[in-house]
Every structure is written in structure tokens, then in C-alpha cells.
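Structure first, commentary second.
The values are calculated or read from the model by the stated rules, or taken from the named source; none is laboratory data. Note that the structure is predicted; figures quoted are calculated from it, not measured. Surface accessibility is based on the protein's heavy atoms, side chains included, excluding ligands, DNA and RNA. Shrake-Rupley method; radii C 1.70, N 1.55, O 1.52, S 1.80 Å.
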Amino acid sequence: MIYMSHRGNVDGPNKDVENRPEYIKSAMYMGFNVEVDVWLIGSDFYLGHDEPQYKIAEDFLRNRKLLCHCKNVSALEKMLEENIHCFSHESDKYAFTSEGIVISHPGLSCNSKKLLIMRPELYTRKIPDCYGICSDYIYQYREEYENEKN
């Protein structure tokens, strides 16, 4: 199972620091993959949910622990061209990443080929067998589900 931090959050939402490069690195250091929001403005990449906020080098986005949520079409086009793991969606129930992983919103079916994303704690406490989950509370999920396995 992949445990993915939502915007760098590991123990609840923190809008003041989410998507900041240092915050993302901290989540990765803790062993989590991270879903980040990425914009392309001109030839520069930026992190930020509602708007581009933190300029970031393209090399930062090449990290295998990142899944980049493209916030504008130019970001999607550039990341696909550069083979950076990414996806884009608006209000779709399912979406595909550039590596063929199915992203499923909570409350929908999930299986070993799907990543349950968008804060599953709002919908269910029991996560079915999935490829992975993405959450603002990912530390808690990892602890709970790893303990269940043992």
C-alpha cells in the first residue's frame, strides 16, 4: 500500500504551510509519497493550491515520491512532455495518472489498481484494499493499517 500525504500534510490540514517545498520534503523524509499542486507560469513551475505560490525547480518535481496535480493545462502538457508523474482533473469521479494509476474519489469502488484520494477520512474509516491512499491524516492511517497487518 502506498501512503501519500496530501500537499505535505501528515497529521491534519495545515493551509498555512501545505505545498511549501520544505513541508513536502519533511513528509517525504517521514517515508510518505506526496501529492502536490503544480502550476506552470511561463517557463516556471510553482506549487500552490488555489494559485501559484512557491517557485520550484523542475528537478524537484522529478522525485519518484511525488504525484503532481496539474492545476493548469500548460503544467499538464509540460509534465507529460518531461515524463513527470502527474494527473489532472476537475470534478471527475476517476482520473488516470501519467503512469496509468487510477485515482478514485472516496465512496467509490477501490481495488489494488486504484489510489483513493481526497481525504478518505471524510467518508469512511475503513479503507478497502487499494493501491494506496492519500490523506491529510496519512500518518494515522499508516500506523493503523500497518498495525492491522501485524
Margin query: With both bridge residues required to lie in the chain, what share of the DSSP beta bridges run antiparallel, to the nearest 5%?
Written below: 35 percent
Note to self: Which order do you get for Glu35, Glu77 if you rank them by accessible area with a 1.4 Å probe, largest at the top?
What the structure shows: Glu77, Glu35
Check: Among Ser91, Ser74, what's the order by accessible area (1.4 angstrom probe), most exposed first?
Finding: Ser91, Ser74
Notebook entry, point to check: Where the centroid of each part is defined by its Cα atoms, how far is the range 58-81 from the range 1-15 in Å?
Noted result: 18 Å
Next item on the list: Please work out the average accessible area per residue across the range 1-42, using the 1.4 Å probe convention, and give it in Å².
Entry: 44 Å²
Check: What accessible surface, in Å², does a 1.4 Å probe find on Lys93, ignoring ligands, DNA and RNA and rounding to the nearest 10?
Finding: 140 Å²
Item checked: Ellipticity estimate at 222 nm from DSSP helix runs (n ≥ 4, -39,500 (n - 2.57)) divided over the chain, nearest 500 -> -6000 deg cm²/dmol
Checklist line | Degrees between helix 138-149 axis and first principal axis of the chain (Cα, 0 to 90, nearest 10) | finding: 40 degrees
Next item on the list: Would you mind checking Lys93/Lys113; Lys65/Lys114; Lys15/Lys55; Lys55/Lys114; Lys15/Lys113; Lys25/Lys93 for any pair whose Cα atoms are more than 25 angstrom apart?
Entry: Lys55/Lys114; Lys15/Lys113; Lys25/Lys93
Notebook entry, point to check: Check Lys55: other-chain or 5+ apart residues with amide H under 5 Å from its amide H, H built from backbone geometry?
Noted result: Leu47
Checklist line | Amide H contacts of Val34 (H built 1.01 Å from N, under 5 Å, at least 5 apart or other chain) | finding: Ser5, Leu66, Leu67
